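One structure is given below, encoded as structure tokens.
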Amino acid sequence: MRYEIRVDGQLSEPLINVFPELDHVEMSGQTLLFGHVVDDAHLYGLLARCQSLGLRVLEIRQMPE
């Protein structure tokens, strides 16, 4: 499954490195993390990382393969 996770703010390089399995694009005050997510547990793990870092998740979308 491919997912996009949009978070508020532009992430610093150390924060980007917390998500090595995802690519990213920064645009107008937001960061879009995207890539392949293995299963629901992986997705929940990504969201837990966001929460533990204090990132504000604006949107999560599953993308077509």
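The values are calculated or read from the model by the stated rules, or taken from the named source; none is laboratory data. As the structure is a computational prediction, the values presented were derived from the model and not from experiment. Here the Cβ positions follow ideal geometry from the backbone for every residue, glycine too, while neighbour counts run over all protein chains shown. Heavy atoms of the whole protein, side chains included, go into the accessibility calculation; ligands, DNA and RNA do not. Shrake-Rupley method; radii C 1.70, N 1.55, O 1.52, S 1.80 Å.
Among 55, 11, 43, which is assigned to a helix (DSSP H, G or I) and not hydroxyl-bearing (Ser, Thr, Tyr)? Criteria check complete, one pass: 43.
Considering 22, 58, which residue is in contact with a strand residue (DSSP E or B) (Cβ under 7 Å, 6 or more places away or on another chain), crowded, with 16+ Cβ neighbours inside 10 Å and modelled with pLDDT of 95 or more?
Working: 58 fails: crowded, with 16+ Cβ neighbours inside 10 Å.
Among 22, 58, only 22 is in contact with a strand residue (DSSP E or B) (Cβ under 7 Å, 6 or more places away or on another chain), crowded, with 16+ Cβ neighbours inside 10 Å and modelled with pLDDT of 95 or more.
Here residue 51 does not qualify as open to solvent by 40 Å² or more (accessible area, probe 1.4 Å) and touching a residue at least 12 places away in the same chain (Cβ under 8 Å).
Please verify whether residue 38 is open to solvent by 30 Å² or more (accessible area, probe 1.4 Å), within 21 Å of residue 64 (Cβ to Cβ) and assigned to a strand (DSSP E or B), treating the condition exactly as stated. I'd like the intermediate steps shown before the answer.
Working: open to solvent by 30 Å² or more (accessible area, probe 1.4 Å): yes; within 21 Å of residue 64 (Cβ to Cβ): yes; assigned to a strand (DSSP E or B): no.
Spelling it out, it is not the case that residue 38 is open to solvent by 30 Å² or more (accessible area, probe 1.4 Å), within 21 Å of residue 64 (Cβ to Cβ) and assigned to a strand (DSSP E or B).
Scanning the range 17-44 for residues that are among the acidic types (Asp, Glu) and over 15 Å from residue 2 (Cα atoms) turns up just one, 26. Scanning the range 26-46 for residues that are of a type outside the set (Phe, Trp, Tyr) and closer than 14 Å to residue 16 by Cα yields a total of 7.
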